[in-house]
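Data first, discussion second: the structure below is written as structure tokens.
The values are calculated or read from the model by the stated rules, or taken from the named source; none is laboratory data. Since the model is a prediction, treat every value here as computed from it, not as a measurement. FYI the Cβ positions are ideal-geometry reconstructions off the backbone, even for glycines, and counts take in every protein chain you see. Remember, those area values only see protein heavy atoms, side chains included, never the ligands or the DNA or RNA. Shrake-Rupley method; radii C 1.70, N 1.55, O 1.52, S 1.80 Å.
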Amino acid sequence: MSVLETRNLTKRFGDVTAVDGVSFAVEEGEVFGFLGPNGAGKSTTINVLLGYMSPTSGSASILGHDVETESRALRARTGVLPENVGVYDRLTGREHVASAIRIKDADDDPERLLARVGLDPDAWDRRAGGYSTGMAQRMALATALAGDPDLLVLDEPQSGLDPNGMQEIRDVVLEEAADGTTVFFSSHILPEVEAVSDRVGVMRAGEMAAVDDIDALRERWTDDTVVRATVADPPVRPEALADLDGVSDVAVEGDRVTLSCRTPRAKGRAVAALERTVGVADFEVEEGSLEDTFTALTGGADAGETTATTRADDPEVSA
Ligand code: ADP
Ligand code: MG
């Protein structure tokens, strides 16, 4: 049984089809990256999954519970970090977490949860109304962890965090995954998704453009790595290099050989062949980037309100 499953899930707001016939499944224990530019329909999907809004058509279930009819039951076993973190201005961080623990009927130690998410102990007993966005985000993650949920649903968990804070979120996700928790990690920041996910689903304009293992996606969508070598003697038969599996576009100009490699192994084979046949004095490698390909996959600026990898105008939570 999948932990999370959608079947032809569709959500329209008037003329806008935010989620358009999306079907996918997330298996127990995996970190599923839910990637896509702003406006792709990620948060809407999550809101439907958690029973916060009804689908226009199609269905979904979490932990075997239908999201429309059994949302209360599924939320009891799910930890959620929503897109817009709601903060009770007058309650302290500790009180927020204690309240989440109570609601989950759990017996966690609030301090342990607050420490895990890296919220400064000096802030634990201060009112959350004075927290920065990043602090509120950390506190919200601590509340999501209350009750040791079977599924964590994180919507742009790194909003408002500096690189150090982003790293801490990453660590928490990986710790939870190591502990067997299934994680649904939504983000428009490719490297963040790449760093934690086993599989990735890419949303584009309301549709699921691709679902695949992160390694397969990387291989399929990454540009070729380009090797530029300075060789002792120009290869006698440069075409022979192009016969190597995964190697193409071999060009020789004086003592410079340039070639494209589809995979790291192809790169290894090409460099080894050059060493063996002509000797390599020097070489540089230009790794293919996934970033460009992700932009291509998601349609870049055309797919959403902003490009896939910029986030300057995120409407952040004011704590
Ligand atoms: P993402 O989380 O991937 O950035 P959203 O799910 O927030 O995307 O938005 C998907 C699309 O649905 C956007 O075009 C957005 O403007 C629209 N949308 C989202 N929520 C609403 C709403 N409550 N009413 C009307 N349109 C909405
Ligand atoms: Mg969103």
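On inspection, Asp233 does not qualify as among the charged types (D, E, K, R) and outside the structural domain of Glu275 (by TED's automatic domain parsing).
Pairing each residue of segment 8-29 that is polar (S, T, N, Q) with any residue that is near ligand 1 (Cβ under 9 Å from one of its atoms) and part of a strand (DSSP E or B), provided the two are 6+ apart or on different chains, yields C-beta distances under 9 Å for Thr10/Thr17; Thr10/Ala18; Thr10/Val19; Thr17/Lys11. Does Gly21 count as within 16 Å of ligand 2 (Cβ to nearest atom) and out of contact with any Leu (no Cβ under 6 Å at 6 or more places or on another chain)? So Gly21 fails the test.
When the criteria are applied in full, Ala205 meets the requirement of being open to solvent by 10 Å² or more (accessible area, probe 1.4 Å), touching a residue at least 24 places away in the same chain (Cβ under 8 Å), hydrophobic (A, V, I, L, M, F, W, C) and within 15 Å of ligand 1 (Cβ to nearest atom).
Conditions tested, residue by residue: (1) acidic (Asp, Glu); (2) in the same structural domain as Glu156 (by TED's automatic domain parsing); (3) on the phi > 0 side of the Ramachandran plot; (4) touching a residue at least 12 places away in the same chain (Cβ under 8 Å).
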| residue | (1), (2), (3), (4) |
| --- | --- |
| Val97 | no, no, no, yes |
| Arg102 | no, no, no, no |
| Ala106 | no, no, no, yes |
| Glu111 | yes, no, no, yes |
| Ala115 | no, no, no, no |
| Ala123 | no, no, no, yes |
| Met139 | no, no, no, yes |
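Restrict the check to segment 62-73 and report whether at least one residue is of a type in the set (Lys, Arg) and away from ligand 2 (no atom under 13 Å from the Cβ).
The answer is yes; a qualifying residue exists.
Scanning segment 251-264 for residues that are out of contact with any Gly (no Cβ under 7 Å at 6 or more places or on another chain) and open to solvent by 40 Å² or more (accessible area, probe 1.4 Å) yields a total of 8.
Can you pull out the residues in segment 169-200 that are assigned to a helix (DSSP H, G or I) and either surrounded by 20 or more Cβ atoms within 10 Å (Cβ to Cβ) or in contact with a helix residue (DSSP H, G or I) (Cβ under 7 Å, 6 or more places away or on another chain) (or both)? Result: Ile169, Arg170, Val172, Val173, Leu174, Glu176, Leu190, Glu192, Val193, Glu194, Ala195, Val196. Taking the residues in segment 149-165 that are open to solvent by 10 Å² or more (accessible area, probe 1.4 Å) and at pLDDT below 90 as candidates, determine which candidate is nearest to ligand 1 (Cβ to nearest atom). So the residue we want is Gly160.
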